[in-house]
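These notes are about the structure you will find just below.
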Amino acid sequence: MKELGPDNAFWIDGEWLDWDSIIDPEERTYSRLAELERESHLRQEYPNADITLIPYFRDLLLLAESYFHETGQHLNVYGDIGELFGAIMYGIKLHKNYAQGSDGRLGNDFIEIKTISPVNQKEQTNVRLDRHFSKLLMVKISDNFEVSGRLVKRADLPRKPGKNLRLSWGNMPEV
């Protein structure tokens, strides 16, 4: 491999790039440079995100929307969309699938993620209080397939006896 330096390459985002890594000789496109620019843009737009998750989030949301518009039915993917949204927008490190107690971690906090889908006209969800979490992220996917979230400390949730708490999007405080 040839040594890269100012005579045969240029410096961008902390690495030397030669022309072969920038221009795809087959397609004459600026592949590596475009990839670096996309990464830089995504890091600015989503500073807390694992940017490798962003395409999966976008594709899954688009698939759910397209499927609904084509069939009038909903795919059972909204929980996954909500978890990916939490990982991207808040930097939550997701646990393995079906982990008990919470859905992920944010620093030292265990996070429970509940998603309100477009199917849910009352915009409500149940939260199991016997689970181990210190913050709750409620994610709402609107009828227009727009996604938003509200992160709240467990201590700020309404106090109620029993194992289940019914929460409404409209009454959710945000940290």
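The values are calculated or read from the model by the stated rules, or taken from the named source; none is laboratory data. Here the structure is a predicted model, which is why all the values come from computation and not from measurement. Ideal geometry is used to build each Cβ from the backbone, glycine not excepted, and the neighbour counts take in all protein chains shown.
Observations
- Any hit, the range 118-134, residues being surrounded by 17 or more Cβ atoms within 10 Å (Cβ to Cβ), within 28 Å of Lys160 (Cα to Cα) and out of contact with any Lys or Arg (no Cβ under 7 Å at 6 or more places or on another chain): yes
- Scanning the range 154-175 for residues that are touching a strand residue (DSSP E or B) at 6+ places or on another chain (Cβ under 8 Å), loosely packed, with under 13 Cβ neighbours inside 10 Å and not β-branched (Val, Ile, Thr) yields Pro158, Lys163, Asn164, Arg166, Ser168, Pro173, Glu174.
- If you go through the range 129-166 and keep only what is over 16 Å from Leu106 (Cβ atoms) and under 21 Å from the mean Cα position of the chain (by Cα), you end up with Lys140, Ile141, Ser142, Asp143, Asn144, Phe145, Glu146, Val147, Ser148.
- Subset of the range 32-50 that is aliphatic (A, V, I, L, M) and surrounded by 15 or more Cβ atoms within 10 Å (Cβ to Cβ) - its residue that is farthest from Lys93 (Cα to Cα): Leu33
- Count of residues meeting criterion [β-branched (Val, Ile, Thr) and either modelled with pLDDT under 95 or assigned to a helix (DSSP H, G or I) (or both)] in the range 84-116: 1
- Residue match in the range 47-63 (condition: in the same structural domain as Phe133 (by TED's automatic domain parsing), modelled with pLDDT of 95 or more, outside any loop (DSSP other than H, G, I, E, B) and in contact with a Pro (Cβ under 9 Å, 6 or more places away or on another chain)): no
Residue by residue, here is whether (1) closer than 27 Å to Arg58 by Cβ; (2) not charged (D, E, K, R) holds:
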{"residue": "Ile88", "(1), (2)": "yes, yes"}
{"residue": "His95", "(1), (2)": "yes, yes"}
{"residue": "Leu106", "(1), (2)": "yes, yes"}
{"residue": "Glu112", "(1), (2)": "yes, no"}
{"residue": "Ser134", "(1), (2)": "no, yes"}
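- Tabulated pairs, the range 106-125, first in the same structural domain as Lys153 (by TED's automatic domain parsing), second among the hydroxyl-bearing types (Ser, Thr, Tyr) and assigned to a loop (DSSP other than H, G, I, E, B), C-beta under 7 angstrom, 6+ apart or interchain: Asp109/Ser134; Phe110/Ser102; Phe110/Ser134; Ile111/Ser102; Glu112/Ser102; Pro118/Ser142
- The criterion of being among the acidic types (Asp, Glu) and within 12 Å of the chain's Cα centre (by Cα) does not hold for Asp103.
- Of all residues in the range 56-71 being more than 17 Å from Ser142 (Cβ to Cβ) and not charged (D, E, K, R), the one that is surrounded by the fewest Cβ atoms within 10 Å (Cβ to Cβ): Thr71
- Residue check, Ser134 within 28 Å of Gln73 (Cα to Cα), modelled with pLDDT of 95 or more and among the small types (Gly, Ala, Ser): no
- Residues (free of Cβ contacts under 8 Å to residues at least 24 places away in the same chain and outside any loop (DSSP other than H, G, I, E, B)) located in the range 64-83: Ser66, Tyr67, His69, Glu70, Thr71, Asp80
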